[in-house]
Amino acid sequence: MSAIPPELLARARAAKGFMPEDEGDLLHRVALEQLRHGPGLEVGSYCGKSAIYLGAAARAVGGTVFTVDHHRGSEENQVGWEYHDPTLADPATGRLDTLATFRRTIADAGLEEQVVAVVGRSTTVSRHWRTPLSLLFVDGGHTDEHAGNDYTGFGRWVSRDAVMVVHDVFPDPADGGQAPYRVYLRALACGFEETASLGSMRVLTRVGGDAGDPVS
């Protein structure tokens, strides 16, 4: 299977974000296989690092990736938290705003035709979403409320035999927050089976139910 083109890998490496390169490579390889069958959707795009891996695959196979984010940052990105980046704050309001950086990242990578930014809260967008997905990448808020809503809102639209990828899955609480891990366990109990893993990334294939069927 093809590797991400060197020029796009360089863009991904340079982009702000928290995706390890080996996990990004796995995401790209999964997307290469899945996006030839239908659209993909990413929940939580921050500044666009992971969207480059997904967009590179979409360009290779003629696919499309939607990215859903309100671009105000997750809890850990806010002032006073470990992952706050003051360069991403809007000077007029002081509030975090990653949208301009995200757009620049995708434009500089030449992926604006493949990566479609949807700006809004996951719960609002998922309430109106009706398109079956060949790939869902869950990498948004890391509280139980937000991660759970991302899963129930968009997980139901993963087609049978299609894939959901969950990021930041840490079985050991000493390694990180537990909300994505609990989403992973819920999915395993609700028609998904694990087909690959690397680091904190879990690749789950839907083997029960079909697009539109609720997940729990």
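The values are calculated or read from the model by the stated rules, or taken from the named source; none is laboratory data. Since the model is a prediction, treat every value here as computed from it, not as a measurement. No Cβ is skipped: glycine too gets one built from the backbone with ideal geometry, and neighbour counts run over all protein chains shown. These accessible areas exclude ligands, DNA and RNA; they are computed on the full protein's heavy atoms, side chains included. Shrake-Rupley method; radii C 1.70, N 1.55, O 1.52, S 1.80 Å.
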Taking only the alpha-carbon positions of segment 101-169 as identical scatterers, the Debye log10 I(q)/I(0) at q = 0.14 Å⁻¹ comes out as -0.50
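R0 = 22 Å: FRET efficiency of R72 with E112, Cβ-based, nearest 0.05?
Values: r = 22 Å, r/R0 = 1.01.
E(calc), rounded to 0.05, equals 0.50.
Sorted by accessible area (1.4 Å probe), largest first, how do H71, H146 line up? Don't skip to the answer; put the middle values down first.
Values: H71 5, H146 70 Å².
Highest to lowest solvent-accessible surface, that is H146, H71.
Determine the dipole magnitude for the chain: charges of +1 sit on the beta-carbon of Lys and Arg, -1 on that of Asp and Glu, nothing else is charged, the reference point is the Cα centre, and the result goes in debye to the nearest 20.
Numbers: 20 positive and 29 negative charges, 129 e Å.
For the chain, the charge dipole is close to 620 debye.
How do the peptides 128-137, 3-12 rank, highest first, by the average count of neighbouring beta carbon atoms within 10 Å per residue? Provide the component values of the computation, followed by the final result.
On the way: 128-137: 18.8, 3-12: 16.4.
By packing density, highest mean first, the sequence is 128-137, 3-12.
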Of all DSSP beta bridges with both partners in the chain, the antiparallel percent, nearest 5, is 40 percent
Once the dipole of the chain is set up from charges on Cβ (+1 Lys and Arg, -1 Asp and Glu), the residue from the list A92, L198, V119 lying farthest towards its positive end is V119
Along the dipole axis of segment 150-216 (charges at Cβ: +1 for Lys and Arg, -1 for Asp and Glu; origin at the Cα centre), the most positive-end residue among A187, A211, A162 is A211
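Output the peptides 173-181, 154-162 sorted from most to least packed, where packing is the average of other Cβ atoms within 10 Å over each peptide's residues. Display every interim value, and only then the final one.
Values: 173-181: 16.2, 154-162: 21.6.
Peptide ranking by packing, descending: 154-162, 173-181.
Let me know the charge dipole size of segment 92-216 about its Cα centre in debye, to the nearest 20, where only the beta-carbon of Lys, Arg (+1) and Asp, Glu (-1) is charged.
On the way: 12 positive and 16 negative charges, 80 e Å.
Its charge dipole is roughly 380 debye.
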At q = 0.18 Å⁻¹, the log10 of I(q)/I(0) for segment 1-43 from a Debye sum over equal Cα scatterers comes to -0.57
